[in-house]
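Participant: Handing you a structure now.
The values are calculated or read from the model by the stated rules, or taken from the named source; none is laboratory data. Everything numeric in this text was worked out from a predicted model, so none of it was measured. Cβ atoms come from the backbone with ideal geometry, glycine included; neighbour counts cover every protein chain shown. Accessible surface areas use protein heavy atoms only, side chains included; no ligands, DNA or RNA. Shrake-Rupley method; radii C 1.70, N 1.55, O 1.52, S 1.80 Å.
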Amino acid sequence: IPGWGWRVPSEPWDDVDIDWWTYNIHDRGAPLIRLTRPETELAVGLWQSRDHPLMPPAEFLLAAQQSGHRGRRAHAVIEAGTATELLVSGVLRTIGPVKGYDQAKLQNVLNGGFRPRVEDHFAVLLGYERDPEVGNDALGKWWRHGYALRNRVVHQGHRPSDSETARAVDTARTLNFDAGDRLAKDASVAGLLLPIPPEMWEAAARSRPRRR
């Protein structure tokens, strides 16, 4: 999740490392699990950060992973695409003023087309290659394997395969983390990122024993 520095301990589609018992209980909405203290502290931190511009991308990315696990491939592709579109706009809203964007310019960029928003602003501010059609970085890979597939699903009714879906979600997830790493290394914006330290994520992730 951007700026949080936390790494999910397993890949989105790796059955071996998924605690399906916990996942299914939470997914069904049955509040039968007592949270550990680190999980509770993380939940409070997330709630306090709910209005941060970089929170919606994380929520949609999680939704994409959940849809993928349920076999709802089209949903997963669209949600992963939405997560990344929210990421692009959220980053610009968060760091634009620090990078010389006045309110009028920022609003003009956000009201404009998605491609120029990516090429002329998001890519430039975070140091990605400006043409995502040919770029070999995280942005280019998502553009070709995630965004292009999302458009085929939305506009052409394409039914994505398991491998296409997995790649779309994975490239969105990779770009999400990569953008977070780039932001975290920029001292001029470090104070604008989500105020949840990596140690809090790690403690929550390791506090619950795995069920097999």
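Participant: Answer yes if at least one residue in the stretch 94-111 is among the hydroxyl-bearing types (Ser, Thr, Tyr), in contact (Cβ under 8 Å) with a residue 40 or more places away in the chain and closer than 17 Å to Pro53 by Cα, and no otherwise.
Facilitator: yes
Participant: Still on this structure, please answer the following. On the basis of being assigned to a helix (DSSP H, G or I) and out of contact with any Lys or Arg (no Cβ under 7 Å at 6 or more places or on another chain), does Glu164 make the cut?
Facilitator: Yes.
Participant: Another question, then. Would you pick out the residues in the stretch 127-157 that are in contact (Cβ under 8 Å) with a residue 40 or more places away in the chain and not in a helix (DSSP H, G or I)?
Facilitator: Passing the criteria: Gly127, Asp137.
Participant: Do we have Ser67 as within 18 Å of the chain's Cα centre (by Cα), more than 26 Å from Ser161 (Cβ to Cβ), free of Cβ contacts under 8 Å to residues at least 60 places away in the same chain and in a helix (DSSP H, G or I) here?
Facilitator: Answer is no for this residue.
Participant: Quick check on Val77: is it of a type in the set (A, V, I, L, M, F, W, C), modelled with pLDDT of 95 or more and out of contact with any Phe, Trp or Tyr (no Cβ under 7 Å at 6 or more places or on another chain)?
Facilitator: Criteria met by Val77.
Participant: Among residues belonging to the stretch 71-116 that are among the charged types (D, E, K, R) and either more than 22 Å from Asp131 (Cβ to Cβ) or part of a loop (DSSP other than H, G, I, E, B) (or both), point out the one that is least open to solvent (accessible area, probe 1.4 Å).
Facilitator: Glu79
Yes or no, residue by residue, for (1) open to solvent by 20 Å² or more (accessible area, probe 1.4 Å); (2) more than 20 Å from Thr82 (Cα to Cα); (3) among the basic types (Lys, Arg):
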position: Arg150; (1), (2), (3): yes, no, yes
position: Asn176; (1), (2), (3): no, no, no
position: Gly180; (1), (2), (3): no, no, no
position: Ala203; (1), (2), (3): yes, yes, no
